[in-house]
Each structure stands twice: as structure tokens, then as C-alpha cells.
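Engineer: Take a look at this one; I'll ask things after.
The values are calculated or read from the model by the stated rules, or taken from the named source; none is laboratory data. Note that the structure is a prediction, hence the values are computed from the model and not measured. Using ideal geometry, Cβ is built from the backbone for each residue, glycine included, and neighbour counts are taken over all protein chains shown.
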Amino acid sequence: MKFLLSLSLSFLSLLSISAQAQAPATTAPATAQASANGLATVKFKTSAVCDMCKARIEKSLAYEKGVQSAVLDVPTQVVTVTYKADKTTPAALRTAVQKTGYDADDLTADARAYNRLPDCCKKTNAVH
């Protein structure tokens, strides 16, 4: 009899544990999850003027260590980069954009890289 009682109690305790494990967990706001995952986001102004610029900047940032995503909004000329904070820094990301031939906030474009850009991507042109 004691055996049946202990068996049924252990079965009930296992059942309650599995029910708790399957209960949906409450999620924190996206910013808290981003911090917990070690991800950070930075936005900075560029001198990009067209979709070719967008493709070039996003591709160059994709090759940077720790970058998860890079999205350039052409009309506002603002690039938003999500990256692993332990792998890179905002300064390194700005330097990567600069070496691609575009301004990044207060950093002016690398002259040699800027001269290699197509004419439509020069910062003297209007955003198109």
C-alpha cells in the first residue's frame, strides 16, 4: 500500500513539473532581450544618396565582425546597425562606412574609397 501511495505521489509530482515546463514564459521588452543577448543597436548619418549606396554600405557592414544586421534608410541617410557589443564598437562600424567611401557622422569619407565610387554615389548629388 505504501508502495502504491509513493508511486502515485511521484507520478503526480512529475506531472506537475512537466506542466510547469510547458507553460509559456513571459517575455521582457525587446530592448531587455537585446541587452540579455549582448546585442546593441547604433544609428548614424551617412552621405549615401541612392540604392547603390545602400547596397554597398549594407554589404560592407555585413562583413564586419559581430554585425547582425545593417539597414540604410536612403531618404534620411541613416544607417541602423545591430551588432554584438562584445565583438565590435560603434566607432569601428563608423570607420567601416568611412573606408567604404561614405561619411559617417563626423568622420569624412576615405578619399581613395570616395574617388572609386560611381558618379551617382558622390555626395555632391541630391538623394535620389
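Engineer: From Ala40, Ala92, which residue is in contact with an Asp or Glu (Cβ under 9 Å, 6 or more places away or on another chain), of a type in the set (A, V, I, L, M, F, W, C) and more than 19 Å from Lys123 (Cα to Cα)?
Structural biologist: Working: Ala40 fails: in contact with an Asp or Glu (Cβ under 9 Å, 6 or more places away or on another chain).
Only one candidate passes the filter, namely Ala92.
Engineer: I would also like to ask the following. Looking for something over 22 Å from the mean Cα position of the chain (by Cα) and over 14 Å from Arg56 (Cα atoms) - is there at least one such residue anywhere in segment 83-95?
Structural biologist: No; the residues of segment 83-95 include none that is over 22 Å from the mean Cα position of the chain (by Cα) and over 14 Å from Arg56 (Cα atoms).
Engineer: Please go through segment 48-64 and pick out each residue that is touching a Phe, Trp or Tyr at 6+ places or on another chain (Cβ under 9 Å) and more than 12 Å from Arg94 (Cα to Cα).
Structural biologist: Ala48, Cys53, Arg56
Engineer: Within segment 71-91, track down each residue that is surrounded by fewer than 15 Cβ atoms within 10 Å (Cβ to Cβ) and either part of a helix (DSSP H, G or I) or in contact (Cβ under 8 Å) with a residue 40 or more places away in the chain (or both). Talk me through it step by step, then tell me what you get.
Structural biologist: From segment 71-91, those surrounded by fewer than 15 Cβ atoms within 10 Å (Cβ to Cβ) are 71, 73, 75-76, 78, 80, 84, 86-87, 89, 91; that's our starting set.
Pro75, Lys84, Asp86, Ala91, listed by residue number.
Engineer: Starting from segment 99-126, keep only residues that are within 14 Å of Ile57 (Cβ to Cβ), then list their pairs with residues that are surrounded by 13 or more Cβ atoms within 10 Å (Cβ to Cβ) and aromatic (Phe, Trp, Tyr) whose Cβ atoms are within a distance under 7 Å, requiring at least 6 positions of separation or different chains.
Structural biologist: Final answer for the pair search is Gly101/Tyr114; Ala104/Phe44; Asp105/Phe44; Ala109/Tyr102.
Engineer: For the list (1) modelled with pLDDT under 95; (2) under 27 Å from Thr124 (Cβ atoms); (3) among the aliphatic types (A, V, I, L, M), I need the number of the one condition that Ala85 fails.
Structural biologist: (2)
Engineer: Could you list, in sequence order, all residues of segment 92-128 that are in a loop (DSSP other than H, G, I, E, B), among the small types (Gly, Ala, Ser) and over 22 Å from Gly66 (Cα atoms)? So that I can check it myself, show each step before the final result.
Structural biologist: From segment 92-128, those in a loop (DSSP other than H, G, I, E, B) are 101-103, 105-106, 108-110, 117-118, 122-128; that's our starting set.
Next, from what is left, pick out any that are among the small types (Gly, Ala, Ser): 101, 109, 126.
The answer is Ala109, Ala126.
Engineer: Can you confirm whether Thr26 is under 30 Å from Ala109 (Cα atoms) and either in a loop (DSSP other than H, G, I, E, B) or at pLDDT 55 or above (or both)? Before the answer, list the steps.
Structural biologist: Working: under 30 Å from Ala109 (Cα atoms): no; either in a loop (DSSP other than H, G, I, E, B) or at pLDDT 55 or above (or both): yes.
The answer is no for Thr26.
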